[in-house]
Amino acid sequence: MATRFLIFILAIFSLFSATAQRSVALEFSYGVQAPIGRLTDRFGSNFVAEMGTFLYPAGGSGWQLGLSGALLFGDRVKEDVLESLRTSQGFLYGNDKSVANIQLRMRGWRTLLVLGKDWQLNEVSGIQGRLGGGYLSHKIRIQDDPQTYVPQVHGDYKRGYDRLEGGPLLYAWTGYRYRGSNNNLNFSIGLEGTLAFTRGQRSFQFDLRKAYLDRQPSAWIGLKATWVLIVLDRSTSQNWY
């Protein structure tokens, strides 16, 4: 999955590099977010690692157009999808009759097409706002115990418990942006919000004893920091690698 994201982003970056009139930037972001609404019963807070490429048109208008891909991951899962397999004491046993340590994790990914705008405060800093749309997917990852084999949750059987969801999303971000002289230090930090119109993707979940195809919103709010690398600046005819 991560490899496909990278290939996708690099392909778009190549297209932007060929057509940009001012500059092209790579952005590397890391953030933390918390679910809102019904997902608070399933997940705790999680982290976001993101990479994107952005085009800054000529003329100093402050507009940006970009594409990005992100991985979502966390270790706080509140919904115990394996409860039906546990004993009354809460244990899960493997084939060798030993207690298995099966971990539940939050995993997801998103892709975004983003339009942004800068409002200058002074020569090097400003307020930035971005709006976008894309696609989001998330699920509960069932992490095997390497020492104990549990056939009920091995291989493809995990799909019968993972609550996989996916759907289109709306995205918003606002925060502080700094761009140093000679492009030697560029970063931003701010708040982001995601609202996805997700639907269950599994035809059957073993513990629910039914299909998981419900349409339900998925929402998060978070804090994200971004390092911006200007790799092509047509306004000065220089490349920054």
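The values are calculated or read from the model by the stated rules, or taken from the named source; none is laboratory data. It should be emphasised that the depicted structure is a prediction, and the values quoted were computed from it without experimental measurement. Here the Cβ is made from the backbone with ideal geometry for all residues, glycine too, and neighbour counts use every protein chain on show. Ligands, DNA and RNA are stripped out before the accessible areas are found, and what is left, the full protein with its side chains, is counted by its heavy atoms. Shrake-Rupley method; radii C 1.70, N 1.55, O 1.52, S 1.80 Å.
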Residue list for the range 189-213, filter: touching a residue at least 12 places away in the same chain (Cβ under 8 Å) and either over 20 Å from Arg110 (Cα atoms) or touching a helix residue (DSSP H, G or I) at 6+ places or on another chain (Cβ under 8 Å) (or both): Arg202, Phe204, Gln205, Phe206, Asp207, Tyr212
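Okay, residues lined up against (1) in contact with a His (Cβ under 8 Å, 6 or more places away or on another chain); (2) open to solvent by less than 30 Å² (accessible area, probe 1.4 Å); (3) on the phi < 0 side of the Ramachandran plot:
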residue: Ile140; (1), (2), (3): no, yes, yes
residue: Gln143; (1), (2), (3): no, no, yes
residue: Gln152; (1), (2), (3): no, no, yes
residue: Gly160; (1), (2), (3): no, yes, yes
residue: Arg163; (1), (2), (3): no, yes, no
Checked Thr194, Thr148 against criteria (in a loop (DSSP other than H, G, I, E, B) and in contact with a strand residue (DSSP E or B) (Cβ under 8 Å, 6 or more places away or on another chain)); the one match is Thr148
Exactly one condition in (1) modelled with pLDDT under 95; (2) open to solvent by less than 70 Å² (accessible area, probe 1.4 Å) is false for Asn182; which is it? (2)
I need a count of the residues in the range 165-179 that are free of Cβ contacts under 8 Å to residues at least 40 places away in the same chain and open to solvent by 70 Å² or more (accessible area, probe 1.4 Å). 2
